[in-house]
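A.B. asks: The structure under discussion is supplied below as structure tokens; questions concerning it will follow.
Any read-out appearing in this document is the output of simple, stated calculations on the displayed coordinates, not a laboratory observation. The shown structure was predicted, so the numbers you read here are calculated from the model rather than taken from an experiment. All Cβ positions, even for glycine, are placed from backbone atoms using ideal geometry, and neighbour counts span all protein chains on display.
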Amino acid sequence: MKINKNDTAVLITDPQNDFLSEEGVTWGLVGDSVRENKTVENIESLIKTAKENGIPVFISPHYYYPTDHSWKFGGTVENMMHEIKMFDRSGALNLEGFSGSGADWLERYKPLIEDGITVVVSPHKVYGPENNDLSLQLRKRNISKVILGGMSANLCVEAHMRELLEQGFEVAVVKDATAGARHPELGDGYNAAVINFGYIANAVLSTDEAVDAMANGS
């Protein structure tokens, strides 16, 4: 997978407080993995390096509006997210209470994301990008390769990887720019994801490798 600014983008899923802040509603499950991987710092490095080298950055956020809580069924973690009010916003057209909330960006990312250049696509609602405009936004810019990081490893990151591959994109996953939940019954989501990254992605990189590739165009 050859990385260059003409056809490559960095994509970050869910760089939001509920995953990456110690005050976030999932920190008890993901915090150890985030710390061990230096996920917060590594996501920041990917975004900064991309911008320094003219590589576009895309954000695929996760939001739930009050109307989403009237859904009649869901999967295990999907139901859990609704129960703990993860990524909740007051409405699709309403930013009341948004700033600093669990759905907001991690504070250190705000200058990087809110620069008028970063492409924030419409929200995904379960895990993957099938129901948002990510593929459209990438294709309209002739992007065919994606460097992928964000949260969380075995859920939204893996789901985005799989769908983008099915849509004909090349995908490199940055294994230490993500993290996963550790649940006493469900298991270690990060370890599960890393195995699948190796089986499925076009490349699995460390942040250092991704940064070097973006800086040197290879």
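A.B. asks: With a sphere of radius 12 Å drawn around the Cβ of Ala201, what net charge do the other residues whose Cβ falls strictly inside it have (Lys, Arg +1; Asp, Glu -1)?
C.D. replies: So the surrounding residues net to +1.
A.B. asks: Using r as the Cβ-Cβ distance of Asn142 and Ser206, and R0 as 22 Å, what FRET efficiency do you calculate, to the nearest 0.05?
C.D. replies: 0.20
A.B. asks: If you add up the charges near Asp7, with Lys and Arg at +1 and Asp and Glu at -1, over every other residue whose beta carbon is less than 10 angstrom from its beta carbon, what do you get?
C.D. replies: The answer is +3.
A.B. asks: Please report, to one decimal in angstroms, the Kirkwood hydrodynamic radius of the range 130-206 built from all distinct Cα-Cα pairs.
C.D. replies: For the range 130-206, inverting the mean 1/r across all distinct Cα pairs yields 12.7 Å.
A.B. asks: Can you pull out the chymotrypsin sites (Phe, Trp or Tyr not before Pro) in the range 73-141 whose DSSP state is coil and whose Cβ has at most 12 other Cβ atoms within 10 Å?
C.D. replies: Phe73
A.B. asks: I would also like to ask the following. Applying 1/(1 + (r/R0)^6) with R0 = 41 Å to the Cβ-Cβ distance of Glu36 and Leu93, what FRET efficiency is obtained, to the nearest 0.05?
C.D. replies: So the FRET efficiency works out to roughly 0.60.
A.B. asks: What number comes out for the charge environment of Asn37, summing +1 per Lys or Arg and -1 per Asp or Glu over other residues with Cβ under 12 Å away?
C.D. replies: Cβ neighbours under 12 Å give a net charge of -1.
A.B. asks: Counting only DSSP beta bridges with both residues in the chain, what percent are antiparallel, rounded to the nearest 5?
C.D. replies: In the chain, DSSP labels about 15 percent of beta bridges as antiparallel.
A.B. asks: For the range 1-68, which GluC sites (Glu not before Pro) are both in a DSSP coil and crowded by at most 14 other Cβ atoms within 10 Å?
C.D. replies: Glu22, Glu23
A.B. asks: May I ask you to list the GluC sites (Glu not before Pro) in the range 145-207 that are in a DSSP loop and have at most 14 other Cβ atoms within 10 Å of their Cβ?
C.D. replies: Passing both the DSSP loop test and the Cβ count: Glu185.
A.B. asks: As I understand it, the dipole of the chain uses +1 on the Cβ of Lys and Arg and -1 on the Cβ of Asp and Glu, about the Cα centre. Which of Asn154, Ala192, Val173 lies farthest toward its positive end?
C.D. replies: Projecting each Cα onto the dipole axis, the largest value belongs to Val173.
A.B. asks: Would you mind finding the longest exposed-site-free stretch of the chain, with exposed trypsin sites (Lys or Arg not before Pro) meaning DSSP loop and at most 10 other Cβ atoms within 10 Å?
C.D. replies: 141-218
A.B. asks: Need one number: nm distance between label points at Leu186 and Leu165, each 7 Å from Cα along Cα→Cβ, rounded to one decimal.
C.D. replies: Each label point lies 7 Å from its Cα, and together they span 2.1 nm.
A.B. asks: For the chain, take N as its residue count and report Rg(C-alpha) divided by 2.2 N^0.38 Å.
C.D. replies: 0.95
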